[in-house]
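Here the structure comes first, spelled out in C-alpha cells, and everything after it is commentary.
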Amino acid sequence: MKYKSYTAKTYKEIPQVQKALTEEQMFDIDVVSKVFPFKVNNYVIDELIDWDNPLEDPIFRLTFPQRGMLLDEDYETIAKLIKEGAPEEKIKQVANEIRMKLNPHPAGQKYNVPEIDGVRLEGAQHKYKETILFFPKQGQTCHAYCSFCFRWPQFVGIEELKFAMKEVDILIEYIKRNETITDILFTGGDPMIMNAKVFASYIRPILDANIPHLKTIRIGTKVLGFWPYKFLTDPDAQEMLDLFKEIVDRGYHLAFMAHFNHYKELRTDAVKEATEKVLETGAVIRTQSPILRHINDSANVWATMWKEQVQMRMVPYYMFMARDTGAQHYFGVPLVRAWEIFRDAYKQVSGLARTVKGPSMSATPGKVRILGVSEINGEKVIVLDFLQGRNPDWVGKPFFAKYDENAMWLDELKPLEGDEFFFEKELEEILGLEKVQN
Ligand SMILES: *Cc1c(COP(=O)(O)O)cnc(C)c1O
Ligand code: SF4
C-alpha cells in the first residue's frame, strides 16, 4: 500500500469523513486543529477507524482532534475568529497564545541535555545512567499524530526541533566516555519515519564504533500502530529489516519499543504480518502506552491488549500516565483511577503479561510508579516508588503520599509526613548542579 497522509487542510477529501461526519463535527475539527497537530493516513482511515460510529471509536479519538481538547473559552475564541473570516495570521497568533498556556515543556526535560568538552548535545537526553535518548534529526515527525502527544510543540512549530541532532560522531564520543551507558534509545517523533538509508547512516557508525559497554539498541516507535506497511510494501521494507538483522547479528539486543494505545491496533492483517517480519530479524518487541481518558481508560481494554500482545510474542513493558501538557484536562486520568485500572487488568492476565510496569509518571525526579492505595493507622495513603531516579538510590523504596482521588500528577501530591518527599532536597541539589554545569 502506498502511504498517503491528510492534515487539517486536506482531511475533508477523505470519503469516509464526508460520509460520516456532519458539518458541525468538521467545524470542531477545524477549530481544535488550529491549536493541536493533526495528521492521519490512509491505513488509519481505511483499516483502523470504525466509520459506523467514529466519534465513539478509540482510534478516531486518538488521531482526530476532539472538541473537548480545548477549554470552552479557548474553543469559542478560535471558533469566533474562523466564523468572522479572520486572517490566518491572526488565528495563528491566538492559537500560539493558547498553546503557551498548555505547558509545552513538561517534566524538566531541559535539564537532561548531555555535554562533552563544553559542547551541548542538543539532540540527546541523558537522565538515567544506563540509557541515552537520541533524537535523530530526520526522525522528528510521525506517520500520523496522536491527539494526546506530549511532543506536540515540535509538530506545531512553536519550537525548533529542539532535541534533534545530526552529529552522530559527537554522540558516539559521549557514549564512549560514559561507560555506564548500555542502551541507546532512538526516539522522536518516530525514528521509523526515516527510510532505511538515513537510519543506516546513524546505526552503522554506532555499530562500527564497537563500544564495548553498549549492548542495546532501542527504537521507540509507533510504526506498527500507524504504518505497518513500512515493513511490508514500502520500497525500503526489506532494507530496513536487513538492517535490523545486521544489528542483531553483530551481537546487540535490538529492542523495538512499540507504542500501542488500544487492542484495535493489533488486529489487522498488516500489523500481524509486520510484527512477524520484525520478530524474524531477532528483535524483541516490547510495548508501551499512556493511559488516556476517552481512549483506553478501562481494565478490559488493557487486559485484552496485553493478552493479544503476548499472543503475538510481544512483551508488555510500560503503562504511562499522560504528561501534564497539552490537552491533559481531556485525556488525563487521576493517579488513583489509573492504578485501579492497572490492577484490574494485571490480575486478569498470565504471568507472561505481568512484565508490564506502571502506572508510571515520567516526572522531573524520575519515573515514579503508583504502587497502590493502602492504609496506615486508619488513614488512607497512596504508595509510590521510583522505577528510575535521577539518583539511582531512590529506586525501589516505597514512599507515601496523602490520599487524593483527584491528583493527576506527582506535583499535586502531598507527602504523608513533613513538607517534602524524601528526594526533594537532593533533587534540588542535582538540578542546581546541572544548571551550573550547563
Ligand atoms: C523511560 C526513560 C528511559 C528508559 O527507561 P527504562 O526504564 O530503562 O525503560 C530513559 N530515559 C528517559 C529520559 C526516560 O524517560
Ligand atoms: S507517535 Fe509518539 S511522537 Fe508521534 S504523535 Fe504519537 S505519541 Fe507523539
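Quick note: the coordinates plus some simple rules give every number you see, no bench work behind them. Treat the numbers as computed from the prediction; the structure is a model and nothing was measured. Cβ coordinates were reconstructed from backbone atoms using ideal geometry, including for glycine residues, and neighbour counts include every protein chain displayed.
If you project the alpha carbons of the chain onto the principal axes, what extent comes out on each, in Å, largest first?
On the principal axes, the chain reaches 58, 56, 48 Å in Cα extent.
Rounded, prolate or oblate: which fits the range 5-100 when a ≥ b ≥ c are the square roots of the eigenvalues of the alpha-carbon gyration tensor, with rounded for a/c under 1.5 and prolate only if a/b beats b/c?
prolate
What is the distance, in nm, between label points placed 7 Å from the Cα along the Cα-to-Cβ direction at Asp297 and at Lys19?
Spacing of the two 7 Å Cα→Cβ label points: 3.2 nm.
Report the relative contact order of the range 109-282, percent, no decimals, based on alpha-carbon pairs under 8 angstrom and at least 6 residues apart.
20
With springs only between Cα atoms under 10 Å, which of Glu88, Glu167, Glu273 fluctuates most in a Gaussian network model of the chain?
Between Glu88, Glu167, Glu273, it is Glu88 that shows the largest mean-square fluctuation.
Using a ≥ b ≥ c from the Cα gyration tensor of the range 109-282 (square roots of the eigenvalues), is it rounded, prolate or oblate, where a/c under 1.5 gives rounded and otherwise the larger of a/b and b/c decides, a/b for prolate?
oblate
So what J values fall out for the range 84-98 if you push phi through Karplus, 6.51 cos²θ - 1.76 cosθ + 1.60 with θ = phi - 60°, rounded to Hz, Gly and Pro as x?
In residue order, the calculated couplings are 6, x, 4, x, 3, 4, 5, 4, 4, 5, 5, 4, 5, 4, 5 Hz.
Quick check on the chain: helices-only [θ] at 222 nm, where DSSP H runs of length 4 and up contribute -39,500 (n - 2.57) each and the sum goes over total residues. Nearest 500, please.
-10000 deg cm²/dmol
Hey, got the dipole for the range 231-271? About the Cα centre, +1 on K and R Cβ, -1 on D and E Cβ, debye to the nearest 20?
280
Using alpha carbons only, how many angstrom separate the centre of the range 328-396 from the centre of the range 105-154?
24
Where a ≥ b ≥ c are the square roots of the eigenvalues of the C-alpha gyration tensor, would you call the range 315-438 rounded, which needs a/c under 1.5, or, failing that, prolate if a/b is larger than b/c, or oblate?
It comes out prolate by the Cα gyration axes.
Please compute the modelled spin-label separation between Arg343 and Glu88, points set 7 Å along Cα→Cβ, answer in nm with one decimal.
5.2
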